[in-house]
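Below is one structure; the comments refer to it alone.
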Amino acid sequence: MGKRTLSSCWKQYEKLSQNYLAAEADDPAIFEKLSILTEKANADNIGAALHTLFVLPFTSKCTAVEFTVDCVNGIPPHQTIVDEDEDIIRLHPISAVKFIKTARNIDIAQKNDSDFIRSRHASFLAEIGKMNSIHILFLLVLQRVAYMLQIAHLEKRGGIIEVAEDESYHTLLWAFKELEIFLRKTYGLTIRAHYGISWYESDWITGR
């Protein structure tokens, strides 16, 4: 068997997670395979690549990225979360694959929602959904970094801190900007041209 890598590991996660999500109810057999894969991935420190490439350049707050498939209370709404006790970022592959599936199935009605905030967010997700799944995975790790850096927090007169409306959109937007920079420097890939993404608001976001 070849050496397990982030790319090969993610392909396995994606396939198993899709099967798990397609099941009408919790499937113990699929979940066991996901749990075994998670034990092996964490034992081999597969998350180290994500930590080195997308966390360390911005913050030293967390010391590692590890996978988890904990579904005790159902699939969590977050794709990543900071474990304050262990000082690590936990990445939930099933939730990440669910996010990708949602982004790739945004319909016209969602894009044309009468509420601007919902419409903008849905339209941006549809653009993100055009990307390769592992690039979306990178994006989700970068989004957690954006939350940690509080890039959507606004300091108003008098030192009052306020979270910008639609924080999830703004953190994704920052993450997209940083992903663009990384892929251009590392692979010479211009993701907007490569995937046909028409979204330019990230050009004006700088963070704090």
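Structure notes:
- Added length on full extension, which subtracts the Cα-Cα distance from 0.36 nm per residue, LYS11 to SER35: 7.1 nm
- Under a model in which nothing but the beta-carbon of Lys, Arg (+1) and Asp, Glu (-1) is charged, the chain shows a dipole of about 840 debye around its Cα centre.
- Given charges at beta-carbon only (K, R positive; D, E negative), |dipole| of the range 6-98 in Debye: 420
- Converting phi to 3J(HN,Hα) with the Karplus coefficients 6.51, -1.76 and 1.60 and the offset θ = phi - 60°, the range 70-78 yields 4, 10, 4, 10, x, 5, x, x, 8 Hz in sequence order, with x at every glycine or proline.
- Considering only ASN105, TYR187, ILE88, the residue lying farthest towards the positive end of the dipole of the chain is TYR187, judged by Cα position with unit charges set on Cβ.
- The range 45-61 - phi-based ³J(HN,Hα) in whole Hz, Karplus 6.51/-1.76/1.60, Gly and Pro as x: 6, 5, x, 4, 5, 5, 5, 5, 7, 10, 10, 4, x, 10, 7, 10, 4
- Given charges at Cβ of Lys, Arg, Asp, Glu: the chain dipole, positive-most of SER60, TYR169, ILE136: ILE136
Where a number appears in this text, it was derived from the coordinates with a stated rule and is not lab data. None of these values were measured; they are calculated from a predicted model. Here Cβ is always computed from backbone atoms with ideal geometry, including for glycine, and neighbour counts include all displayed protein chains.
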